[in-house]
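The values are calculated or read from the model by the stated rules, or taken from the named source; none is laboratory data. This structure is a prediction, so every number in the text was calculated from the model and none was measured. No Cβ is skipped: glycine too gets one built from the backbone with ideal geometry, and neighbour counts run over all protein chains shown.
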């Protein structure tokens, strides 16, 4: 055994243990989990992820409530005679419901990983870097139906992501220690 294996780590916080390349203390049944105290930018970022998620869901609810305008736009833009206005209406309605469901799934993922990032999990920050990119690509490829609320949500996500990469919070997301 080395000195590192025998040193007393019981008084260290989970963040201090992570910085040493160790896992956090386990929470045994009946014990309360330690409360994370994230830096202010990380805490603000969490609330921006939440706010952006609410705005994203509202944007697709708004599109669904104004689906007749969206359907009219697609009917006017379709010149192929084999697609009837009823087929287009059915397809657009289904698409809008799928987009609403997809936005709810993305928001739940954002909140899960934003919560984990608020606890200092570096991999959650990485996932939060990739998820909005995937979401925007899916929106652009599957259904380029974007309204101003969707743009506001994406802007909130970008600001939240920037806050998580500020130099002042770099120590809160420690790299995993490597064993030689």
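Select from region 151-180 the residues that are buried (at least 16 other Cβ atoms within 10 Å of the Cβ) and either at pLDDT below 90 or farther than 19 Å from residue 53 by Cβ (or both) and list them in ascending order. Once the filter is applied, which keeps residues that are buried (at least 16 other Cβ atoms within 10 Å of the Cβ) and either at pLDDT below 90 or farther than 19 Å from residue 53 by Cβ (or both), region 151-180 yields 169, 172, 173, 174. Taking the listed residues 61, 55, the one that is crowded, with 17+ Cβ neighbours inside 10 Å and at pLDDT 90 or above is 55, with no other qualifying.
Residue count for region 82-118 under the criterion of being over 20 Å from residue 60 (Cβ atoms) and surrounded by fewer than 19 Cβ atoms within 10 Å (Cβ to Cβ): the result is 8.
Of all residues assigned to region 79-92, none qualifies as being under 30 Å from residue 173 (Cβ atoms) and in contact with a helix residue (DSSP H, G or I) (Cβ under 6 Å, 6 or more places away or on another chain).
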